[in-house]
1. Looking for whichever is outside any helix (DSSP H, G or I) and touching a residue at least 12 places away in the same chain (Cβ under 8 Å) here; the options are B:Arg41, B:Arg58. Which one fits?
2. Does at least one position in segment B:248-264 carry a residue that is at the interface with another protein chain (Cβ under 8 Å from one of its Cβ atoms), closer than 19 Å to B:Lys30 by Cβ and touching a strand residue (DSSP E or B) at 6+ places or on another chain (Cβ under 8 Å)?
3. Show me the strands (runs of 3 or more DSSP E) entirely contained within segment A:184-273 in which 1 or more residues are among the small types (Gly, Ala, Ser) and under 17 Å from A:Ala524 (Cβ atoms).
4. Before we move on, is A:Val85 more than 14 Å from chain B (Cβ to nearest Cβ) and crowded, with 19+ Cβ neighbours inside 10 Å?
5. Report yes if A:Val541 is modelled with pLDDT under 85, over 22 Å from the mean Cα position of the chain (by Cα) and not charged (D, E, K, R), otherwise no.
6. Any idea how many residues of segment B:219-241 are in contact (Cβ under 8 Å) with a residue 24 or more places away in the chain and within 7 Å of chain A (Cβ to nearest Cβ)?
7. Taking B:Val275, is it modelled with pLDDT of 95 or more and within 14 Å of chain A (Cβ to nearest Cβ)?
Amino acid sequence: MELRGKLLLFVWFAAMIGVLIYTGKVQIFEHKFWVERAKEERIRGSSYSIPRGKIFDRNGLILAYSAERFSVFADPVLVKKPEYVALRLSQMFKLDEKKLLKKLTDKNRRFVWIKRAITKEEKDKLKALKLKGIFFKKEYKRIYPFGTVGRQIIGSVGVDNIGFLDNRGLFGLEKKWNKYLEGVVNFKGRETGLACDVYTTLDIKVQQVAEEVLKRAYEKWRQKAAYVVVLNPSFEVVAAASWPMPENEKECFLPKKMRAGCFFNVFEPGSVVKPLIFKWALEKGVVRKSDRFYCPGYIYVVPGKYKISCYSTHNWIDAEDVITYSCNVGAIKIALKLGKQELYSLFRRLGFGEKTSLDFVGEEDGILRDIKKWNVVSVASVAIGQEFAVTAIQMIRALMSLFSNGEIASPNITKMIVARDGKVIKEENKKYERVFTPDMGIVHDAMERVVERGTGKRARIKGLTIYGKTGTAQKAGPKGYEKGKYVVSFFGYVKEMGLGFYVVVDEPRGKGISGGKVAAAMFANIVRRLYEDKEYRVLSVNVPKKEEEEVFYKIPDFKGKTIFDVVKRLTGRDTKLIVHGSGVRVVKQKPQAGSEFGATLEVWVK
Amino acid sequence: MRYVIYVILASIIAYGLVVLYSASYSAGIKKFGDSSFFLRRQLIWILIGTAAMLVVSRINPQFWQRTAPRLVFFSIFLLFILFISPKFSLTIKGARRWLKLGSYVFQPSEFAKFAVVIYTAYWFAKYGVPKKIREMLSLLLVVGLNAFFIMLQPDFGTGMVLVTVFFALMWIVKVPFKNILSMFLVLLVFSYIYVTSSTYRLNRIKAWLNPWEDKLGIGYHVIKLKTAIGYGGLIGVGLGREAEFVGVLPEQHSDSIFAVLACELGYVGVVILFVFYFLLILSLYRLLMASLEKKKGAVFEYVAGLGMIFIIAVHIFFNIAVNVGVLPLTGLPLPFLSYGGSATLMFFIEIGFILAISRFAEVSSRKRRRIRL
């Protein structure tokens, strides 16, 4: 009797194990199939979507929007004459006829995708064929009018949870604000997404120039990495470019290329920290403008043991010129006068070693050792920007405090998020903290002289007032600092533009590498190109009002306007412009003002 | 040894409540404006069940042996009332399964399983093992009546559990195999008639065999459950997020709770559940065997105890097998996980019964030892 009880229990165990294995098969090996099926059902069902929100740059140019498209699917059960249907479809979309036929004859399925995101014209053409069992679903394709420009920041999109095309943020702002941007999909009473618009502080033009300069720098210096961050005194990120970067649409889906290194990669900044320490020393009264330092070309930090050398023998040098010529000996002497406590408290105030609270999909902390671990050598090292590590955004934020009356705040990329009804859902609200007193005269003079006659001469541009500082930091390897490997950088603030630029090049290859040679020249390239474009000026973020939104979808009356206005209005659309005649002023247009934008816009100019 | 059962039971219940909450909060809001409505109701039933289990564990099993005929008669009586009187019954989705007493509802079929097991054990203990079918007609009649009324409700699932457990018990007490086989054949004929007598049951069989044939019609339910399970993958989509990806399942917080668990916690969560159940059944069985060591030759305790374990084990197997589509669709609760008052209460009582066997075996062996001294 007992044996039989045991046996039955064993049968139960065996059956349960069987079910467990079967469940494993369904959950693990068939997982993808069921996920696809669930998506199919959701799309096939009553779900619909409205387009994902748009992303704008600070001048109201569209960086990302979703254009209406149609996706074709078939219900194999309803398809009649599958051979004919397959033939027509394959001709139309250049698809493999055999594969198509296999899909169309799979009677086990009632939903198969044929082609996603076709245009309205294509749809109308297909519809005219009146094929049975072929259906359409409205979907939206994400379009980035500026291509790969700024994509590390803007991001990319993919298929969303429900199964709709291009509605899930994969990188950058698209990911960060996905909750707000997501197009509304209604699936069984559950609505996803709010389809809000995001207004960024980016200036796509500055971004474009910065990226081009980084690309060109690679041809020359073959650097491992490079960053350009542009901040204004309100700590808004105007541009942030990082090498390596995506160079075509395909690469916009590679995590390796889409990583915004300027927020994530840490490095020892080098001499660019000197103005900050100098200002602090002035403020604390340990150094005065009239002070002079003697630089024999080296300094023993630990007598007889640890020597830090200078770029050259500066002999007697003015306090200001310590910055101008980036004198290590002078900087170290100033730092030693301040003492480690003061240095550490300055660095904490400047936010080194902690996140800047940037509104992005994460950033790195940087490295600042605890003061308890500092020794004499640390004070000296820190004074010349070694022994601690920062991200590019951290460094430029700290430096910008010298140009925002001594106050510092968290940087931001997003200005505001606006709902479909025009309500502002999120708005950047800055909290400033004071680091320095507002009197910047002496520091500004010193930094101006860096560009005029100091280490950053290559950054000079006629007609512009530039405050700069170079940095050349040695890179630490496993066995101390490595020879020939540098992180070179240049920070420059252009008074006329009201912008601070921070250019960093990690491990450029070549001879005589220095911040003044590599990074300052790149800075000059960027600024010169922006300056040459007379029209260029940084505007405050422009948020179109509700009525203007309406206008956005309608063609305005271009008569009397210049061709440039037309081009401007067409940015962010895939409307093709056809220009007749020669000249600048528009005399005639087709379609007429007030109608909606179509595939083409023709204008006649005189 | 008994505390092991308490620990395992507590773990299963805690695990189940988490899943129940995640499976029922939206339904709670929709129907009652209260996300924790089902959770709180279930908690109350768990408290009642626990109390019932503790009470039953202190009742000498011989009490049940004595009252077995009255118990099974009472069960038939309840089922009969349910059958004849619409006034005292509640019909949901075409099945009249609930007795209504004021605002309280109870499922007599849940009680019937308990009563039938007790009566079967009582019968074998009293009359021994019959050699011929003729000799066990009275037992067959009593069990048959219970099964018949349950099938009439209709409640195919509970009927199946009852019949499966009864057959297992017959085999265990060594009713000649040819007799069991002939009874099984008769049952098969009845089942065939039963299933083909309604298109709805026939459709369920069809949907089981090939759910894709009409996947928006009868196969919908089957596919939906499997989709939810498959969607879960290895680690699941996260608690409370099943509906977001797959949509609300039919009987989400009761019969389909396994699919919700599988979707939200993935295969990892499923394996954990299986481990819990294996431990529960194994420790119940070992507890029963350990108590019978102390009390040799106790046919009633042995058969009834095993019967209780089988009820729970068969429920677990049937429910999960239905959820993953191995068996045709039928509504059965998953012990200690599904929402439902009567079923939860009865599962507790069934465990309480095994605890009672253990407790009183100890008492009697202690007594014996004392006498020997």
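1. So the residue among B:Arg41, B:Arg58 that is outside any helix (DSSP H, G or I) and touching a residue at least 12 places away in the same chain (Cβ under 8 Å) is B:Arg58.
2. Within segment B:248-264, not a single residue is at the interface with another protein chain (Cβ under 8 Å from one of its Cβ atoms), closer than 19 Å to B:Lys30 by Cβ and touching a strand residue (DSSP E or B) at 6+ places or on another chain (Cβ under 8 Å).
3. By residue number, A:225-231, A:237-243.
4. Answer is yes for this residue.
5. no
6. 6
7. So B:Val275 passes the test.
Yes/no per residue for (1) of a type in the set (Lys, Arg); (2) in a helix (DSSP H, G or I); (3) at pLDDT 85 or above:
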position: B:Phe73; (1), (2), (3): no, yes, yes
position: B:Leu78; (1), (2), (3): no, yes, yes
position: B:Phe83; (1), (2), (3): no, yes, no
position: B:Phe111; (1), (2), (3): no, yes, yes
position: B:Phe124; (1), (2), (3): no, yes, yes
position: B:Glu135; (1), (2), (3): no, yes, no
position: B:Ser138; (1), (2), (3): no, yes, yes
position: B:Pro154; (1), (2), (3): no, no, no
position: B:Gly159; (1), (2), (3): no, yes, yes
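The values are calculated or read from the model by the stated rules, or taken from the named source; none is laboratory data. What you see is a predicted model, and the numbers here were worked out from it, not measured in a lab. Because the Cβ atoms are built from the backbone with ideal geometry, glycine has one as well, and the counts that use them run over all protein chains shown.
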